[in-house]
Amino acid sequence: MNNNTSNLQNAELFRFIDRDEIASEKITAPRYSYWRSVFRMFFKKKINIVMIILLVLLFLAAFLLPIFWPYDPYENVLDAKTYNLKPSEAITYFGSNGIKWCLGTGQLGNSIMYGIWSSARTSLLLAVTCAAINMTIGIIIGAVWGYSKRFDAVMLVIFNIVANVPDILLLSVLVYIIGSGFWPFVFALTITGWLGIAYFIRTQVMIIRDREYSLASRCLGTPINRVVSKNILPYLISVIVTLLATNLPGYINSEVFLSFIGIGLSASVPSLGRMIQQGQTAFLTYPWAFWPPVIIASILTILLYFLGQNLADASDPRTHM
């Protein structure tokens, strides 16, 4: 009787199940997606959403407004009465299209409002183009540089020579030789601009190239290009985003500074640096010609920098907990 009762109790507590090897390999944890985690961490900060909205609005204004409202810096050059009008005077004088004259006129009677957005488009195109070229070349060269000892010996000599030449001197010489148009200026900023990025990537690759999983891949005969592209570069995503965050606004700053000192883009190409350079001579007398482009350039660089830094933090897998 006691045995029967014990068997009944055991039957209620325990039961036999079938062994399923396929089911035993399944992981019950939620599926991990790297980029989903990146965007989850990035949009977790509400300030990032606000900054993205502001940046999108600035991009739309810079690229769409000049299409519908073309900017002509010399449209009123023959009318001396339009020179350096403050906003209220410009709106009263022209009597129509208050948006065009809401920031006043420049030293040649040009619209500050239209000029800012045409100049912002030039500066943004310059920054994106230079960043794309320098980052692409720098990442590829840096990855090979950090993995190949023969290539490392050659590139170190080149880097040590170029790194000792002041950037301003090199840019000045190149601008004077090849001209100051948009594409010559891009060439001047990218001919050696990728070298610093490549050196930084080289250092990071050397840190992680001898880790166990990379050594295992090499022992299994995996080609070097596949080891670099699959084992090393994905680990450096947060580092690459950090580089992009510092370089993208840096090109806007370079354009503004070089145009400000007179060796940047030519006068025929509207840019924020050129507008600041033209307005700085009388920024106390005509502040409406100086401060608006300064403010727009500052907002663009700040937004790009902080969004890039926050995206770099979110792309670090160690934060995906």
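Brief remarks follow.
- Long-range tail of P(r) for the stretch 149-285 (Cα pairs > 18 Å, %): 66
- Debye intensity ratio I(q)/I(0), log10, the stretch 168-236, q values 0.14, 0.22 Å⁻¹ (C-alpha model): -0.59, -0.85
- Overall size of the chain from C-alpha positions, given as principal axis extents largest first: 116, 57, 30 Å.
- Cβ-Cβ FRET estimate between ILE140 and TYR213, R0 fixed at 30 Å, reported to 0.05: 0.90
- Pair THR203, ASN164: separation of 7 Å Cα→Cβ label points (nm): 1.9
- Across the stretch 277-321, the volume of the C-alpha convex hull divided among the residues equals 66 Å³ per residue.
- Order of TRP291, TRP35 under a 10 Å beta carbon neighbour criterion, fewest first: TRP35, TRP291
- Positive minus negative residues near LEU156 (Lys, Arg vs Asp, Glu; Cβ under 15 Å): +2
- Förster radius 56 Å - calculated FRET efficiency between ARG226 and LYS46, Cβ distance, rounded to 0.05: 0.90
- Each peptide in 92-98, 187-193 gets a packing score, the mean of other Cβ atoms within 10 Å over its residues, and the list from highest to lowest is 187-193, 92-98.
- Cβ-derived FRET efficiency at R0 51 Å, ILE177 paired with VAL56, nearest 0.05: 0.85
- Rounded Å value of the spacing that divides the Cα centres of the stretch 255-295 and the stretch 38-88: 16
- Proximal charge balance of ALA245 [Cβ under 14 Å; K/R count +1, D/E count -1]: -2
- Lys/Arg +1, Asp/Glu -1 at C-beta; the stretch 64-135 dipole; positive extreme among LEU85, LEU64, VAL128: VAL128
- With the convex hull of the Cα atoms taken as the outline of the stretch 113-166, the averaged projected area works out to 4.9 nm².
- Springs between Cα atoms under 10 Å define the GNM used for the chain, and in it the highest mean-square fluctuation of ASN231, ASN310, ASN253 occurs at ASN231.
- Taking 20 Å as the cut-off, the amide N atoms of the stretch 105-121 that come nearer than this to a point 7 Å along the Cα-to-beta-carbon line of LEU64 belong to 113-121.
Bear in mind these aren't lab numbers, they're just calculated from the coordinates by the rules spelled out. Given the structure is predicted, the values throughout are model-derived calculations rather than measurements. Cβ sites come from the backbone with ideal geometry, for glycine too, and all protein chains shown count toward neighbours.
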